[in-house]
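**Q** Below is the structure I would like to discuss, written out as structure tokens.
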Amino acid sequence: MSEINLGIPPVKRILAPRSKTRKIMVGSVPVGGDAPVSVQSMTTTLTSNVGATLQQIAELTAAGCDIIRVACPSEDDAEALPEICKHSSIPVVADIHFQSRYVFQAIEAGCGAVRVNPGNIRAFDDQVKEIAKAASDHGTALRIGVNAGSLDKRLYEKYGGATPEALVESAVWEASLFEDVGFHDFAISVKHHDPLTMIQAYRLLSQAGEWPLHLGVTEAGPQFQGTIKSATAFGILLSEGIGDTIRVSLSAPPVEEVKVGLEILRCLGLRKRNFEIVSCPSCGRSQVDVCALANEVNEGLKDITYPLRVAVMGCIVNGPGEAREADLGVASGNGKGKIFIKGKVIKTVPESEIVTTLIAEANRLGQELGLDSGSPTVETFESVGAGNCP
């Protein structure tokens, strides 16, 4: 998708080069190496409810999710995987705990990858060779998912807790078991709820090998807190070149996880920007209600899917300059607003017409560029797998 070109010189990248990692394939999505950082989420439905699960996957796909994980705690969930994989338009990762036999069922079902938790799966180390062979035969990737909450008791006692060193030792040990039998198509995660512990764990893991890394602050909390935690940790690691795929873990609808993840990548220049509002904070210089104005413009343009930066400014100090540098902008004051497009004032309108004018001009810009301004289509799956629904 082409950017709206204002002739403004591009900003030089300030991120460190990506760490060298091995590229694997999760279904059709490359992870690691020179592949773009991908965004993951996890469904909240009962996986055995095939229709509901596919409906949520479709909504997540429309929101921009690249890879989706589904929980597989029961036999009914494992049996639903073939139908889900068949109809999902993005790769499916089965999340396996406690029962190693579900790993084999997920591989047979056509999952793009299987997440295994060595701290939970019984007899995991004893079945590495068999798991590796099955995954190789079916072209299935694995994710070795080490979590602070399920760390092996021996490591917990050795380090006195779920320290970065404990998490990394667990991950490196399990990685070595697969590598010893010639299997290398796996990513690793070492998640912790504390961003500082998580950051240090991934730094250590990045130094220990060239495995593709899945970033996550696990149990990050409600939407506001979890967003801050994830943005802080991901921003630090990705700016250091560490991380190949991410999942923002929020106590919120999974679509919100995808929105936050994509926005983090856009802010770091790792994804092309989409619609973006630039608006000044509330202060005594404002001559209009900037908060209300920005919210109205954001609501009116929320379905735009092409890259467009809109500045909503409320005073003469920064307003004209910010509006001039945006693709589309308004500098407001004294009951009116100057509308800028591509750095030039095109008209001045009464304050009551600012929102409608910005929306109209945004849509016109999209039409001129031949870009779609509508929301992605969401498929419906009411009848798929209805027999499996509880």
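**Q** Taking a threshold of 21 Å on the Cα-Cα distance, which of the pairs Lys86/Lys191; Lys153/Lys191; Lys272/Lys336; Lys23/Lys133; Lys272/Lys302; Lys191/Lys229 fall above it? All intermediate terms of the calculation are to be shown ahead of the outcome.
**A** On the way: Lys86/Lys191 30 Å; Lys153/Lys191 17 Å; Lys272/Lys336 33 Å; Lys23/Lys133 19 Å; Lys272/Lys302 17 Å; Lys191/Lys229 12 Å.
Pairs exceeding 21 Å: Lys86/Lys191; Lys272/Lys336.
**Q** Right, here's the next one. Do you know the relative contact order of the chain, to the nearest whole percent, from alpha carbon pairs under 8 angstrom that are 6+ apart?
**A** Details: 819 pairs, mean separation 64.5, N = 390.
RCO, the chain: 17 percent.
**Q** Here is a follow-up. Of Tyr202, Tyr159, Cys267, which is farthest on the positive side of the dipole of the stretch 148-274, counting Cα position, with +1 on Lys and Arg Cβ, -1 on Asp and Glu Cβ, and the Cα centre as origin?
**A** Of the options given, the answer is Cys267.
**Q** Which aspartates and glutamates, on any chain, are close to Lys259 with Cα under 17 Å apart, when same-chain ones fewer than 8 places away are left out?
**A** Glu59, Asp66, Glu276, Glu299, Asp303
**Q** Follow-up question, since we're still on this one. Using alpha carbons only, what's the Rg to Rh ratio of the chain with Rh from Kirkwood?
**A** Here Rg/Rh amounts to 1.04.
**Q** How high is the FRET efficiency between Asn334 and Glu299 when r is their beta carbon distance and R₀ equals 22 Å, given to the nearest 0.05? List each step's numbers first, then the result.
**A** On the way: r = 25 Å, r/R0 = 1.13.
For Asn334 and Glu299, the calculated efficiency is 0.30.
**Q** Averaged per residue, what accessible area in Å² does the chain show with a 1.4 Å probe, protein chains only?
**A** 45
**Q** Now, a different point. What are the DSSP H helices in the chain that stretch 18 Å or more along their long axis, judged by alpha-carbon atoms, and whose average Kyte-Doolittle hydropathy comes to at least 0.5?
**A** 50-63, 223-239
**Q** Per-residue ellipticity at 222 nm for the chain, helices alone: DSSP H runs ≥ 4 residues times -39500 (n - 2.57), over residue total, nearest 500 deg cm²/dmol?
**A** About -12000 deg cm²/dmol.
**Q** While we're here: Once you have all Cα-Cα distances for the stretch 275-369, histogram them in 5 Å bins from zero and send the whole-percent values.
**A** The calculated distribution, bin by bin, is 3, 16, 29, 29, 16, 5, 1, 0.
**Q** Please give the Cα centre distance for the stretch 125-197 versus the stretch 238-295, rounded to the nearest Å.
**A** 32
**Q** Counting only C-alpha contacts under 8 Å and six or more residues apart, can you give the relative contact order of the stretch 275-369 as a whole percent?
**A** Working: 185 pairs, mean separation 21.7, N = 95.
Worked out over the stretch 275-369, it gives 23 percent.
The values are calculated or read from the model by the stated rules, or taken from the named source; none is laboratory data. Just so it is clear, the structure is predicted and the values come from calculations on it, not from any experiment. Neighbour counts run over all protein chains shown; Cβ positions are idealised from the backbone, glycine included. To get the accessible areas, we keep the full protein, side chains included, count just its heavy atoms, and leave off ligands, DNA and RNA. Shrake-Rupley method; radii C 1.70, N 1.55, O 1.52, S 1.80 Å.
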